[in-house]
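Okay, here's the structure, questions in a sec.
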Amino acid sequence: MTFPPAAGAVLAGGASRRMGRDKGLIEVGGRPLARIAVEALLGAGLDPVVVVGGTEAHGVALVADSSPGDGPLGAVLDALGASDAERTVILPCDVPWMDVAAVQGLLAADRQGVAAVTLASVEGVAAPPVGVWRRSAAAALAAAFAAGERSLRGALRGIEVTVVELGAAARDVDHPGDLVDAGTLSADVTTTRRPSGSASSTRDERTT
């Protein structure tokens, strides 16, 4: 069976307050975090792939964040509006363990069901915005945004969602200590890191 092509988007806006610097530009293994996400999408054959927000395009088109500082919901809408694809795989810019196989796994899970959104989970905890977002979800998301909703979880109420376990690939990094596992923490930085495998409890309220 042939499936229609999917697009990809990396959300790179947000203030990165807890990290203290632009997370998308932090290098892991010689690549900026945002570029890791971009290459996972490109490697899975998604077209087009865009970066929403931030200042660097990372080799693909850069789409302005229409609601900077207003949380990830507006950026998700910008991502869905960046192409006419039926499906868009959306990633934040701070998932250093994301790879092509994980993106392909998300797409495979989406193709097996009819849900408007297929979200990744980490150890059973949903990890939005990591997932496949269908165009059919856009109207309800836009209505929620217009009504003042800014949380992804809040906006997804009433929308059919499937959750698929993606494991470490969907883990994000919020604090400098989280970069220990990714091999990037400077020797002069000391901080408490989140336990390995745990998901961010606030990811849903931000873009990066």
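Go through the residues of region 116-124 one by one and say whether even a single one is in contact with a helix residue (DSSP H, G or I) (Cβ under 7 Å, 6 or more places away or on another chain), within 26 Å of residue 46 (Cα to Cα), part of a loop (DSSP other than H, G, I, E, B) and at pLDDT 65 or above.
Among the residues of region 116-124, at least one is in contact with a helix residue (DSSP H, G or I) (Cβ under 7 Å, 6 or more places away or on another chain), within 26 Å of residue 46 (Cα to Cα), part of a loop (DSSP other than H, G, I, E, B) and at pLDDT 65 or above, which makes the answer yes.
Under the condition of being of a type in the set (Gly, Ala, Ser) and crowded, with 21+ Cβ neighbours inside 10 Å, which residue from region 3-15 is modelled with the lowest pLDDT?
14
Same structure, new question: I need every pair where a residue in region 48-65 that is free of Cβ contacts under 8 Å to residues at least 40 places away in the same chain has its Cβ under 8 Å from the Cβ of a residue that is part of a loop (DSSP other than H, G, I, E, B) and of a type in the set (Asp, Glu), sequence separation at least 6 or different chains.
55/22; 62/56
Restricting to region 16-34, give me the number of residues that are modelled with pLDDT under 80, surrounded by 13 or more Cβ atoms within 10 Å (Cβ to Cβ) and either of a type in the set (Gly, Ala, Ser) or closer than 22 Å to residue 131 by Cβ (or both).
The number of residues fulfilling the criteria is 3.
I would also like to ask the following. Given the options 189, 173, name the one that is at pLDDT 65 or above, outside any helix (DSSP H, G or I), more than 23 Å from residue 108 (Cα to Cα) and in contact with a Pro (Cβ under 9 Å, 6 or more places away or on another chain).
Being at pLDDT 65 or above, outside any helix (DSSP H, G or I), more than 23 Å from residue 108 (Cα to Cα) and in contact with a Pro (Cβ under 9 Å, 6 or more places away or on another chain) holds for just one of 189, 173, which is 173.
Can you pull out every residue in region 83-134 that is more than 17 Å from residue 155 (Cα to Cα), touching a Gly at 6+ places or on another chain (Cβ under 6 Å) and among the hydrophobic types (A, V, I, L, M, F, W, C)?
Hits for region 83-134 are 89, 93, 100.
Okay, next question. Among the listed residues 105, 74, 131, which satisfies the condition of being more than 18 Å from residue 166 (Cβ to Cβ), not in a loop (DSSP other than H, G, I, E, B) and not hydroxyl-bearing (Ser, Thr, Tyr)?
Result of the check over 105, 74, 131: 74.
A further question follows. Which one of these does residue 148 not meet: (1) surrounded by fewer than 16 Cβ atoms within 10 Å (Cβ to Cβ); (2) of a type outside the set (Ser, Thr, Tyr); (3) at pLDDT below 65?
For residue 148, the exception is condition (3).
Applying the selection to region 118-170, what residues are within 22 Å of residue 104 (Cβ to Cβ) and in contact with a Pro (Cβ under 8 Å, 6 or more places away or on another chain)?
Selection gives 119, 128, 129, 130.
What is the residue count in region 63-98 for residues that are among the charged types (D, E, K, R), surrounded by fewer than 18 Cβ atoms within 10 Å (Cβ to Cβ) and out of contact with any strand residue (DSSP E or B) (no Cβ under 7 Å at 6 or more places or on another chain)?
So the count comes out to 2.
Scan region 50-58 and tell me whether some residue there is modelled with pLDDT under 95, among the small types (Gly, Ala, Ser) and buried (at least 18 other Cβ atoms within 10 Å of the Cβ).
Yes, that holds for at least one residue.
The values are calculated or read from the model by the stated rules, or taken from the named source; none is laboratory data. In this text the structure is predicted, and so the values were computed from the model without any measurement. With ideal geometry, Cβ positions are generated from the backbone for all residues, glycine too; neighbour counts draw on all protein chains shown.
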